[in-house]
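Any read-out appearing in this document is the output of simple, stated calculations on the displayed coordinates, not a laboratory observation. What you see is a predicted model; the values in this text were computed from it and never measured. For neighbour counting, all protein chains shown are included, and Cβ atoms are generated from backbone atoms with ideal geometry for every residue, glycine included.
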Amino acid sequence: MADSTVRRDLREATLTIYDESETASVAVIIGTGNVTWTVNTPNEYETDRGAIETGTVKAGDEQPLDINITCRYIDVISSGSELVTPYEAVYGIEGAAAWDSVGADPCEPFATKIEIVWDPACTGGGTPKIDETVVFAEFRPDSCAFDPDAGTLVITGKSKEVHPTVTRG
């Protein structure tokens, strides 16, 4: 049986953080790192007189998507004339204070759209490379560690969606 595992090397990726209009953005050119997300699908198990085998399973309440981005970056490119860091972008502060939240409810905390694009170069043999785009539609950070001197970025948070949007080309 063939191995169907898909592996992505972040050296082939660009992470972009957008506001609602998608005219304001920060692109992070990744050197090395990892992006993980966890789809949370709780189920409720009900026993039948104490027996799980004859019981039922019901889908639980939807849960937000957990996201963890850990990388060393090569460059940060912000749209417009003012430099906006990834830290400022995910929190909508300082250089990104004028950004519009992607959140549907203006009373909710600030949210951004995060897009990760893998566009691998042709390697001429071996495992074929696949272009892929992953979008986290309504991302809110839980924490962000940004070290411009070391060129590192660690962002964890949640997206108000059950699954990311993934397209392959």
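The residues Thr38, Thr14, when put in order of fewest to most other Cβ atoms within 10 Å, stand as Thr38, Thr14.
Using mean Cβ contacts within 10 Å as the protection proxy, how do 40-47, 92-99, 112-119 order, highest first?
Per-residue Cβ counts within 10 Å, averaged per peptide and sorted highest first, yield 112-119, 92-99, 40-47.
Given their separation in residues at 0.36 nm each and the Cα-Cα distance between them, Thr152 and Ser81 gain 23.2 nm when the chain is fully extended. Note on the chain: GNM, Cα springs under 10 Å; of Leu153, Leu15, Leu83, the largest mean-square fluctuation is that of Leu83. Taking the number of Cβ atoms within 10 Å of each Cβ as an exposure proxy, the fewest-first ranking of Cys71, Cys144 is Cys144, Cys71. Per-residue extension of 0.36 nm, minus the Cα-Cα distance of His163 and Ile74, leaves a gain of 29.2 nm for this segment. As a rough footprinting exposure proxy, the listed residues Asp147, Asp100 were ranked by other beta carbons within 10 Å of their own, and the order from fewest upward is Asp147, Asp100.
Put simply, the amide H of Glu161, placed in the peptide plane, has neighbours under 5 Å in Leu65, leaving out anything fewer than 5 places away on its chain.
Close lysine pairs were tallied over the chain: pairs 8 or more places apart or on different chains with Cα atoms under 28 Å apart number 5.
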